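Novice: Okay, here's the structure, questions in a sec.
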Amino acid sequence: MEFVSRLSAEQAAEVQALVARAHAADGTAPVSEQVLHSLADEGDVRHLVAVEAAAIVGYATLVPGHGEHPAMAEVVVDPPHRRRGVGTRLVAAALDAGGTGTRVWAHGDLQSARALAARLGLTPVRELLQLRRPLGEAELPALQVPDGLILRTYRGPEDDAELLRVNAAAFAWHPEQGRWTERDVAQRRSEPWFDPAGVFLVFDEQDPDRLLGFHWTKVHAGTADQPAIGEVYVVGIDPGAQGRGLGRLLTLAGLRYLGERGLGAVLLYVEGDNDAALHTYGRLGFERFHVDLAYARA
C-alpha cells in the first residue's frame, strides 16, 4: 500500500461514493470538506486506497507536516467491508508515512474508532467540538456596530488578499485553515452554497483598506432526513485587533443573516481548548453537539 499524489477521475468518484455511504451509515461525515476538495487536485495531499475485487473498500488521505504542524490523516472504510482490518491497515500506513507525531482524525468519536485507536495504542491529542444553537426560537441580541468600525459584506476577489492575510495570521497555529490560498477561496466561491451576502468583513474607519476580521457563513442544503442548517463557517480576527469584541460582532451579524434565511438552527466548529471562543459562543446560546478527536501514537 503506497500513497500517491493524485487519484484518477474514476478513483475520485469511487471514493466520493464511498464517503457518501459511510456518512449515511454513521450519521456523521467520515472526512472533512478539505479532503473532498483535494480528491481531484494534484498538490501536497497524498492519497491511499484499499482495493478488494477491483473495488475501493477504504481510503486514507495524508497532509504532510510542515514547520511545527504534524502530518494529518483521515480514513474511511466502506460500511460493508468493516471489521476486516481494512481501517487498521490504512491508519497504520498513514501513521508510518506521516512520520513522528502524525495525527489521524476520528470524526464523531464513534465506538468503532475508539476501538481501533485502542488496538493501535493511540491516544487523543486534539479535540474539535461542534456546537449548535436554534434560530428563530431564541431571540438574537441586537446588532450594534461600535463607532469607528465599518461592517460590510464581501465584494468579490478584490477582498481576497486582505481576507487571506487575516486568515493566515489568525490561524497560524492551525495545520489546515492557516494554509488557505487564493485557490482555496476561489474553490469555495464556486460552490453552490456560496453567497457574498453571507461573508461579513469589519474595518476601522481610520484605515478602511485594512481588514480587522471576517465571518464566512455557509448553508448546508436539506436532505430527505435533515432540514437545511446554517454554519458559522470561519471567523478570523487579526491578532492585532483582538480584544475589541470583533468576534462577537461578526458572529452575531452572520447569525442574524442565517436567521433571515429561515433556517431553524446553526452549527460551528471550535477547538476544545479555545476557551475565549467557547466563552463567546456560549454567551450567544451555543451548546455542545458533536466531537471529533485526533489521535496519535503515544
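The values are calculated or read from the model by the stated rules, or taken from the named source; none is laboratory data. Since this is a predicted model, take the numbers as computed values, not measurements. Positions of Cβ are backbone-derived with ideal geometry, glycine not excepted, and every protein chain shown enters the neighbour counts. Ligands, DNA and RNA are excluded from the accessible area calculation, which covers all protein heavy atoms including side chains. Shrake-Rupley method; radii C 1.70, N 1.55, O 1.52, S 1.80 Å.
Novice: Residues 293, 263, 268: which one is crowded, with 20+ Cβ neighbours inside 10 Å, closer than 30 Å to residue 92 by Cβ and not hydroxyl-bearing (Ser, Thr, Tyr)?
Specialist: 293
Novice: Only one of these is open to solvent by less than 40 Å² (accessible area, probe 1.4 Å), more than 30 Å from residue 25 (Cα to Cα) and of a type in the set (D, E, K, R): 209, 275, 204. Name it. Talk me through it step by step, then tell me what you get.
Specialist: Numbers: 209 fails: open to solvent by less than 40 Å² (accessible area, probe 1.4 Å); 275 fails: open to solvent by less than 40 Å² (accessible area, probe 1.4 Å).
None of the others qualify; the one that does is 204.
Novice: What are the residues in segment 213-236 that are open to solvent by 30 Å² or more (accessible area, probe 1.4 Å), small (Gly, Ala, Ser) and touching a residue at least 24 places away in the same chain (Cβ under 8 Å), if any?
Specialist: 221, 228
Novice: On to the next question. Among the residues of segment 155-176, which ones are part of a helix (DSSP H, G or I) and either touching a Cys at 6+ places or on another chain (Cβ under 8 Å) or open to solvent by less than 30 Å² (accessible area, probe 1.4 Å) (or both)?
Specialist: 159, 160, 163, 164, 166, 167, 170, listed by residue number.
Novice: Listed residues 113, 97, 93; which is of a type in the set (Gly, Ala, Ser), in contact (Cβ under 8 Å) with a residue 40 or more places away in the chain, open to solvent by 20 Å² or more (accessible area, probe 1.4 Å) and touching a Lys or Arg at 6+ places or on another chain (Cβ under 9 Å)? Please lay out each step first, then the result.
Specialist: Details: 113 fails: touching a Lys or Arg at 6+ places or on another chain (Cβ under 9 Å); 93 fails: touching a Lys or Arg at 6+ places or on another chain (Cβ under 9 Å).
Every option except 97 fails the conditions.
Novice: Quickly run through segment 177-201 and pick out the residues that are farther than 20 Å from residue 259 by Cα, assigned to a loop (DSSP other than H, G, I, E, B) and open to solvent by 80 Å² or more (accessible area, probe 1.4 Å).
Specialist: 190
Novice: With the checklist (1) modelled with pLDDT of 90 or more; (2) open to solvent by less than 50 Å² (accessible area, probe 1.4 Å) in hand, flag the one item residue 16 doesn't pass.
Specialist: (2)
Novice: Something else now. Restricting to segment 263-298, count the residues that are of a type in the set (Ser, Thr, Tyr) and assigned to a strand (DSSP E or B). Walk me through how you get there before you give the answer.
Specialist: Within segment 263-298, the subset of a type in the set (Ser, Thr, Tyr) is 269, 280-281, 295.
Okay, now just the ones that are also assigned to a strand (DSSP E or B), so 269, 295.
Number of matching residues: 2.
Novice: Need pairs with beta-carbon distance below 6 Å; first residue closer than 18 Å to residue 77 by Cα and among the polar types (S, T, N, Q) and within segment 36-52, second open to solvent by less than 20 Å² (accessible area, probe 1.4 Å) and at pLDDT 95 or above; sequence gap 6+ or separate chains.
Specialist: none
Novice: Check 36, 7 and return the single one that is open to solvent by less than 40 Å² (accessible area, probe 1.4 Å) and either outside any strand (DSSP E or B) or over 22 Å from residue 225 (Cβ atoms) (or both).
Specialist: On the way: 36 fails: open to solvent by less than 40 Å² (accessible area, probe 1.4 Å).
None of the other options fit; the residue is 7.
Novice: Return a yes/no flag: does segment 48-70 have any residue that is part of a loop (DSSP other than H, G, I, E, B), open to solvent by less than 40 Å² (accessible area, probe 1.4 Å) and aliphatic (A, V, I, L, M).
Specialist: Filtering segment 48-70 for residues part of a loop (DSSP other than H, G, I, E, B) gives 53-54, 64-65, 67-68, 70.
The next check asks that each one be open to solvent by less than 40 Å² (accessible area, probe 1.4 Å); those that pass are 70.
Then drop every residue that is not aliphatic (A, V, I, L, M), which leaves none.
Looking for residues that are part of a loop (DSSP other than H, G, I, E, B), open to solvent by less than 40 Å² (accessible area, probe 1.4 Å) and aliphatic (A, V, I, L, M), one finds none in segment 48-70, hence no.
Novice: Restricting to segment 170-197, name every residue that is out of contact with any strand residue (DSSP E or B) (no Cβ under 6 Å at 6 or more places or on another chain), hydrophobic (A, V, I, L, M, F, W, C) and under 17 Å from residue 233 (Cα atoms).
Specialist: 171, 180, 185, 186, 194
Novice: Being aliphatic (A, V, I, L, M), more than 22 Å from the chain's Cα centre (by Cα), at pLDDT 95 or above and assigned to a strand (DSSP E or B) narrows it down to one of 131, 151, so name that one.
Specialist: One residue alone meets the criteria, 151.
Novice: Being among the basic types (Lys, Arg) and either over 19 Å from the mean Cα position of the chain (by Cα) or farther than 30 Å from residue 287 by Cα (or both), is that true of even one residue in segment 68-82?
Specialist: Taking every residue of segment 68-82 in turn, at least one turns out to be among the basic types (Lys, Arg) and either over 19 Å from the mean Cα position of the chain (by Cα) or farther than 30 Å from residue 287 by Cα (or both).
Novice: Between 197, 170, which is in contact with a Gly (Cβ under 7 Å, 6 or more places away or on another chain) and either small (Gly, Ala, Ser) or without any contact (Cβ under 8 Å) to a residue 24 or more places away in the chain (or both)?
Specialist: Matching residue, one of 197, 170: 170.
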